[in-house]
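Structure, as structure tokens:
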């Protein structure tokens, strides 16, 4: 069981899955926008996207709202629980001194030697 927990929480599996879900959802927004935009152009673009007219604005807005809802669902039901579980099972390591502090110590040590 600990091997599975390490596989899920230590790897980038969840991050990749969230990225893929959001990319596919955004692709539908881009497709709907393209259909709406080319439907507004005069001339032969109707054959490319079917019957793309001004009414496709509703299709685009529907895709945009679905994208926002999908993002909220993924964030609140996947990202937040994943982050809490990762912090619980794999706490962050204690941070050491900053780079500036280390460089200051090295400078002071070199001054003391001279």
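Brief remarks follow.
- Check on residue 74, more than 23 Å from residue 1 (Cα to Cα), touching a helix residue (DSSP H, G or I) at 6+ places or on another chain (Cβ under 9 Å) and assigned to a helix (DSSP H, G or I): yes
- The listed residue being at pLDDT 75 or above, within 18 Å of the chain's Cα centre (by Cα) and either within 21 Å of residue 66 (Cα to Cα) or in a helix (DSSP H, G or I) (or both), out of 33, 26: 26
Quick grid of which residues meet (1) free of Cβ contacts under 8 Å to residues at least 60 places away in the same chain; (2) farther than 21 Å from residue 21 by Cβ:
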{"position": "66", "(1), (2)": "yes, no"}
{"position": "70", "(1), (2)": "yes, no"}
{"position": "73", "(1), (2)": "yes, no"}
{"position": "76", "(1), (2)": "yes, no"}
{"position": "86", "(1), (2)": "no, no"}
{"position": "90", "(1), (2)": "no, yes"}
{"position": "104", "(1), (2)": "yes, yes"}
{"position": "109", "(1), (2)": "yes, yes"}
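- Tally, over region 73-105, of residues that are exposed (fewer than 10 other Cβ atoms within 10 Å of the Cβ) and under 17 Å from the mean Cα position of the chain (by Cα): 0
- Region 8-32 - residue that is in contact (Cβ under 8 Å) with a residue 24 or more places away in the chain and closer than 16 Å to residue 59 by Cα and, of those, surrounded by the most Cβ atoms within 10 Å (Cβ to Cβ): 32
- Going through (1) modelled with pLDDT of 90 or more; (2) surrounded by 11 or more Cβ atoms within 10 Å (Cβ to Cβ); (3) out of contact with any helix residue (DSSP H, G or I) (no Cβ under 6 Å at 6 or more places or on another chain) one by one, residue 63 falls short only on (3).
The values are calculated or read from the model by the stated rules, or taken from the named source; none is laboratory data. Quick caveat: nothing in here was measured; it's all calculated off a predicted structure. A quick note on method: Cβ atoms are made from the backbone with ideal geometry, for glycine too, and the neighbour counts reach across all protein chains shown.
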